[in-house]
Amino acid sequence: RCTGYWPSPGGGALVAFEEVDESHIPPFAIMNAGVDSPHEQNEQHRYPFAGAANPKVRLGVVRAGGAADVGEAAAPSEAPTWFDLSGPFGADSYLARVQWDCGGSSLLVQVESRDQRSLALLRCDAATGRVSTVLTEQSDTWVNLHDMLAPLRGGEELVWASERTGWRHLYVHSADGACLRALTSGEWCVEE
C-alpha cells in the first residue's frame, strides 16, 4: 500500500489517515560505499529487526473543514476520531488496507496479524469511532492481501475475494459478514 490518507467519497468532507510512531525504534546506519563525501556515506533509518518492536500505527479520521487564506497555516478544527484496531489480533497488527464504504460514513479496514495467517475486515464508524469485525480469513500458511473488496447496494452487501477453497474466488457477504453466495468457483483463481 502506498497511501497513508483516504478522503471520503463525494468531495472528501472527512479524511482518514494513518499515524506511524517509530520513535521507540533505534536508528540503524546504512553505508553508501560508492559516495565520495564522508557526510553522505551513512544514512540513518529506523529499522524494526525481527523479534524487536514494530512501529506503532493508528488510524484516525478528521473533518476536512474549510481552506485557509493563502499564506496562512490552517489549524485543525477538531480532534481526530481514533479507531481501536487491536480487537482481532492485539496492538501489534498490520494495517493492510483502508477504504470508505459507499456513503462515506464508515471505513472498511483490513488488519492482518503479524504472522500473516489471519486477516480481519473491520467496519469503523467515522462519527462514533466504533469498530466492529465484519469477517475474518484464516490460513495455516498465510493470507494473501488483495484489493478485491467492493460495497454493493449502498453498503448492504460486499463483494469479497477469499482463498478459503484453495483458489481465490469472489463471494457476496451481508454488511454484517455473513456469506450469502459464491459468485465464482472452480480450480482457477480470480485475478485483480
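The values are calculated or read from the model by the stated rules, or taken from the named source; none is laboratory data. In this text, all values refer to a predicted model and were calculated from it rather than measured experimentally. As a convention, Cβ positions derive from the backbone with ideal geometry for all residues, glycine included, and neighbour counts pool all protein chains shown. The area values use the complete protein model at the heavy-atom level, side chains included, leaving out ligands, DNA and RNA. Shrake-Rupley method; radii C 1.70, N 1.55, O 1.52, S 1.80 Å.
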Flag if His45 is in a strand (DSSP E or B) and either within 18 Å of Trp82 (Cα to Cα) or without any contact (Cβ under 8 Å) to a residue 40 or more places away in the chain (or both): yes
Residue in the stretch 31-44 that is at pLDDT 85 or above and open to solvent by less than 80 Å² (accessible area, probe 1.4 Å) present: no
Residues satisfying the stated conditions in the stretch 152-174, i.e. on the phi < 0 side of the Ramachandran plot and surrounded by fewer than 18 Cβ atoms within 10 Å (Cβ to Cβ): Leu152, Glu156, Glu157, Val159, Glu163, Arg164, Thr165, Trp167, Leu170, Val172, Ser174
Of all residues in the stretch 102-129 being part of a loop (DSSP other than H, G, I, E, B) and open to solvent by less than 20 Å² (accessible area, probe 1.4 Å), the one that is nearest to Gly154 (Cα to Cα): Gly104
Qualifying residue in the stretch 128-151 (condition: hydrophobic (A, V, I, L, M, F, W, C), in contact (Cβ under 8 Å) with a residue 40 or more places away in the chain, farther than 21 Å from Arg1 by Cα and out of contact with any Leu (no Cβ under 6 Å at 6 or more places or on another chain)): no
Val15 vs. criteria out of contact with any Ser or Thr (no Cβ under 6 Å at 6 or more places or on another chain), surrounded by 12 or more Cβ atoms within 10 Å (Cβ to Cβ) and farther than 30 Å from Val109 by Cβ: no
